[in-house]
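Shown next, in structure tokens, is the structure this report addresses.
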There are 2 protein chains.
Amino acid sequence: MNSQTAPSLADVARHAGVSLSTASRALNDAYGVSAVTRARVLESASALDFVVSPDARRLASGTTGRVAVVVPHIERWFFGQMVSGIERVLSEADFDILLYHVDDAEDRREFLARLPARRKVDAVVVVAFPVGEAERERLELIGAKIIAAGGQSASYPYVCIDDVNAGRLAMDHLTSLGHRRIAMIAGSDPDQPGWPATPGRSRAYESALEALGVSPDPALVRDVDWNPVNAGKAMADILDAAGEPPTAVYAHGDELAFGVLHTLRHRGYRVPEDISVIGIDNHPLAELLDLTTVAQDVGEQGAAAARLVLQALGRAQAEPGAAPGVVAPVHLVERASTAPPRS
Amino acid sequence: MNSQTAPSLADVARHAGVSLSTASRALNDAYGVSAVTRARVLESASALDFVVSPDARRLASGTTGRVAVVVPHIERWFFGQMVSGIERVLSEADFDILLYHVDDAEDRREFLARLPARRKVDAVVVVAFPVGEAERERLELIGAKIIAAGGQSASYPYVCIDDVNAGRLAMDHLTSLGHRRIAMIAGSDPDQPGWPATPGRSRAYESALEALGVSPDPALVRDVDWNPVNAGKAMADILDAAGEPPTAVYAHGDELAFGVLHTLRHRGYRVPEDISVIGIDNHPLAELLDLTTVAQDVGEQGAAAARLVLQALGRAQAEPGAAPGVVAPVHLVERASTAPPRS
């Protein structure tokens, strides 16, 4: 026994002169082992400095003590916050987090198809992407619970914000200031067609204008992936294409708004005197950039998703009469990037 | 067998009429099982839709296929980038990432002390915090390799930038523009005394001034934790306390510089006309804020750390004559936040 190798169960069994399965049963307090044999195995384990592997113990109990967290981006603010909140609650409950990054829809499908065969987790938290029916069934077949964080689903417990409501708060703020000519920078993910965040936030734009009898001007609307630089380019596009510039810009997220602010500053527009800007998120830098925004607490959404995991695994009690999902609150944070339009 | 419970090895053994250890050996292609018995077990496994657990397989091989990544912050840009880079390389090599968040020094010590007893990983990547000798020895005793990412260590392989060099590039840029009255916002972590980033970046400040025969003015230097809002307050402090404002500010990181830019704008100072600002990192928003900075590629550092893991586990070849560590390159990115001082 050198310091490089930990003693194995086989070493213990050999030392005690019993079979591997007897050694395993003895160490796991399973039935079918005499008291004398159990004592001998425990003595051998102690003599060899053998530590019962949690893997072995958990194989016996049929659980893994692990939860997979699957994210399309790790390095972006929203996902970091989410993972941080999930980790905080699950690690307190003594679960380990397996972190998986999946890229596009194909990658995700393949990952979720492979996961059951590997049978390594008790639950899967999917962050901000949809899970297809076939994947869901396959995961449920092996008893792994699924929780959706950052997106809604009828099929399994979820945590998300109400995107229509978040968008409405942003648009109501602009229209109540008197803005009518409002541009929209919509965030969309080419890898996630059909995910609700984008259509919900866009619908809010259309309904707010409709309610005022304003017909949306397609020259004022651009779809970009969630990248501030591309949002800045989209803003430049709008300024170039639209005859008259908008008096306000509604961005689907703060990081998109940062790109808009950059373009406006470079083009010589003052914010909010010439053009108002609003985002959604309350990104930590929004305060530093004086950005008015609709705030959501993403870390708390991660914690709520983790609590849904614990409930699904029977490790925590659900609120009586609780809905299958948690809709996290949002609220307007007024800063210096919005003001009434110049008359 | 209902859809809630996956069949266990015990179910397979019962179905095949063999002992648990025989079933295990048969499924793991281990010695001591006749071809007939093996075939019977495989048939039972197939009939029951039993999938061999990687845990079981790996227990037999003595490895876990898992690497722990331990970070003091998940939600901050640097750590998200790092984890993203580590995940990209290790998942390609079919390793799973166990993500652990540890708070302060005490929490870290406790985590590293507990980890060996749980024996769940083949390697541990510690991101940007030091590992004490006692913890290191305990981890090595159980054969888990340690890699340091985002910080240097003589005791085990590491990936980091040369902090003195990064600071020197920033200071040389300012002094070559003609700045002599330079403030420094130093980032320090109260939970990580003695970690090299802060002293290295501060030393660069002192040597650059010394080389010019300028004695550092304590009224121009503030230590803050890595928080943009606190950096902004420190900048306000400097403006209030120093008789004459500095002509330039050197921040240990871009997020600190963002806070500095905010305060300067609110106090009516123009950047760079009145005061130049430089950071370190090349944070994705640095471009949008026109911040001159010393760029590092943190995602690539994560990937390099993952490659050191693979080498340590014998899964990849080290470069012949390679040093135990990787010093990642940095370079100056000039943008519009720096200019010569007004004469």
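Search the structure for amide H atoms under 5 Å from the amide H of B:M184, placed 1.01 Å from N in the peptide plane, and list their residues when 5 or more places away or on another chain.
Those lying under 5 Å, H to H, from B:M184 are B:V221, B:R222, B:Y250.
A:E110 label points, 7 Å along Cα→Cβ, one per copy: pairwise distances from this copy to the rest in nm, shortest first?
4.1
Taking only pairs that are 8 or more places apart or on different chains, how many Lys pairs in the protein assembly as shown have Cα atoms under 25 angstrom apart?
Lysine pairs, 8 or more places apart or on different chains, close enough: 5.
Roughly how much accessible area, to the nearest 100 Å², goes out of reach of solvent when A and B pair up, both sides summed, probe 1.4 Å?
Buried surface at the A/B interface: approximately 4600 Å².
Leaving ligands, DNA and RNA out of it, report the carbon-plus-sulfur percent of the accessible area of segment A:163-296 at a 1.4 Å probe.
Accessible surface attributable to carbon and sulfur in segment A:163-296 totals 49 percent.
To the nearest 20 debye, what charge dipole does segment B:125-245 have about its Cα centre, counting +1 at the Cβ of each Lys and Arg and -1 at the Cβ of each Asp and Glu?
Roughly 240 debye, rounded to the nearest 20.
Tell me, how many Å apart are the Cα centres for segment B:264-335 and for segment A:247-287?
27
Using helices alone, what [θ] at 222 nm do you get for chain A, with -39,500 (n - 2.57) per DSSP H run of 4 or more residues, divided over all residues and rounded to the nearest 500?
About -13500 deg cm²/dmol.
Run the quick spin-label model on B:D274 and B:S207: label points 7 Å from Cα toward the beta carbon, then report their separation in nm to one decimal.
The two pseudo-label positions are separated by 3.4 nm.
List the distances, in nm to one decimal, from the label point of B:D223 to the label points of the same position in every other copy, shortest first, placing each label point 7 Å from Cα along the Cα-to-Cβ direction.
5.2
Report the full-extension gain for the segment B:R88 to B:A336: residue separation times 0.36 nm, less the Cα-Cα distance, to one decimal in nm.
Value of the extension gain: 85.9 nm.
Suppose all protein chains stay in the model; what accessible area per residue would a 1.4 Å probe give for segment A:163-296, in Å²?
Accessible area per residue: 37 Å².
Amide H to amide H, which residues 5 or more places from B:K145 or on other chains are under 5 Å from it, using H placed in the peptide plane?
B:A123, B:V124
Report the label-to-label distance for B:V327 and B:A241 in nanometres (one decimal), using points 7 Å from each Cα along the Cα→Cβ vector.
3.3
In square nanometres, what is the average projected area of the Cα convex hull of the protein assembly as shown?
Directional mean of the projected Cα hull area for the protein assembly as shown stands at 35.1 nm².
Can you give the charge dipole size of the protein assembly as shown about its Cα centre, rounded to the nearest 20 debye, using +1 on the beta carbon of Lys and Arg and -1 on the beta carbon of Asp and Glu?
1880
Which distances in nm, rounded to one decimal and ordered from shortest, link the label point of A:A318 to the equivalent label points in the other identical copies, with labels set 7 Å from Cα toward Cβ?
Result for A:A318, in nm, nearest copy first: 5.4.
Which Cα, out of B:Y156, B:A35, A:G151, lies furthest along the positive dipole direction of the protein assembly as shown (beta carbon charges, K/R +1, D/E -1)?
Looking along the dipole axis, the top candidate is B:A35.
If Lys and Arg each add +1 and Asp and Glu each add -1, what is the summed charge of the other residues whose beta carbon sits under 12 Å from the beta carbon of B:S337?
With Lys, Arg at +1 and Asp, Glu at -1, the net is -3.
Could you work out the local net charge near B:G85, counting Lys and Arg as +1, Asp and Glu as -1, over the other residues with Cβ closer than 11 Å to its Cβ?
-2
Please return the longest range in chain B lying between exposed loop sites, taking GluC sites (Glu not before Pro), DSSP loop only, at most 13 other beta-carbon atoms within 10 Å, and leaving the sites out.
B:1-272
The values are calculated or read from the model by the stated rules, or taken from the named source; none is laboratory data. Bear in mind the structure is a predicted one, so any value in this text is a computation, not a measurement. Note: ideal-geometry Cβ built from the backbone for every residue, glycine included; neighbour counts use all protein chains shown. When the accessible area is computed, the model is the full protein with side chains, heavy atoms only, and any ligands, DNA or RNA have been set aside. Shrake-Rupley method; radii C 1.70, N 1.55, O 1.52, S 1.80 Å.
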